[in-house]
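The block underneath contains the structure these notes are about, expressed in C-alpha cells.
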C-alpha cells in the first residue's frame with residue numbers, strides 16, 4: 001500500500017508546517033512519521049494533536065502497560081495497521097503479555113492475567129463499540145482506575161481513534177508483513 005499523502009520534505013514546508021515538524025522531531029517522539037506525515041498538511045491541527053498525544057503518551061497518569069493495551073484495542077477495532085505496527089513493540093517492552101496481545105490481534109478476549117489490564121481492555125471495548133459505558137461499567141472503571149485515570153483512558157481512546165482515521169484514510173504505509181489481514 002502506498003500512502004495517499006506522501007511525506008513532505010522539511011525543505012518543502014511553509015513556516016507553520018516547519019515549526020510543527022521541528023517540535024515533533026525534537027520532542028520525545030524523535031522523528032516525524034506515521035499520522036504526522038498526513039497531519040502536517042494542517043499545521044494548526046497537527047500541533048494540537050501532537051501536544052495532546054505527547055501529554056497522553058509521555059506525561060500521562062496511565063502506566064505504559066494500560067495505555068498500550070488501550071492503544072492496541074483501538075488499533076484492532078479500527079483495523080489501523082500502522083498503529084499496531086508502531087505500538088505492539090512498545091506494549092511488549094512495557095511488559096504486556098505477548099499471548100494476550102495475540103488473542104487481541106485475533107479479535108478474541110485477550111484474557112489478561114492482571115485484572116486491571118483486563119478491565120482496561122473491557123472498558124475500551126465497550127466505549128469503542130457503544131460510545132458509552134453503562135452504570136456498572138462506569139462504576140467499576142472509576143473505582144479501579146480513579147476519576148483522573150478513567151478520564152485519561154477516555155482521552156487515549158479518542159486520540160488514537162483520531163489517529164486511526166488519519167492513518168487508515170491516508171493509507172499510511174506499513175512495512176510488510178501487515179500485522180493483520182486488511183479490513184474488507
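Looking at the stretch 44-159, the helices (runs of 4 or more DSSP H) lying wholly inside it that each contain 1 or more residues that are in contact with a helix residue (DSSP H, G or I) (Cβ under 8 Å, 6 or more places away or on another chain) and closer than 26 Å to residue 26 by Cα sit at 64-77, 81-94. Here is the figure for the stretch 1-43: residues that are in a loop (DSSP other than H, G, I, E, B) and surrounded by fewer than 14 Cβ atoms within 10 Å (Cβ to Cβ) total 10. With respect to the stated conditions, residue 71 is assigned by TED's automatic domain parsing to the domain that holds residue 145 and crowded, with 20+ Cβ neighbours inside 10 Å.
The values are calculated or read from the model by the stated rules, or taken from the named source; none is laboratory data. As the structure is a computational prediction, the values presented were derived from the model and not from experiment. Methodologically, a virtual Cβ is constructed for each residue, glycine included, from the backbone with ideal geometry; neighbour enumeration extends over all protein chains shown.
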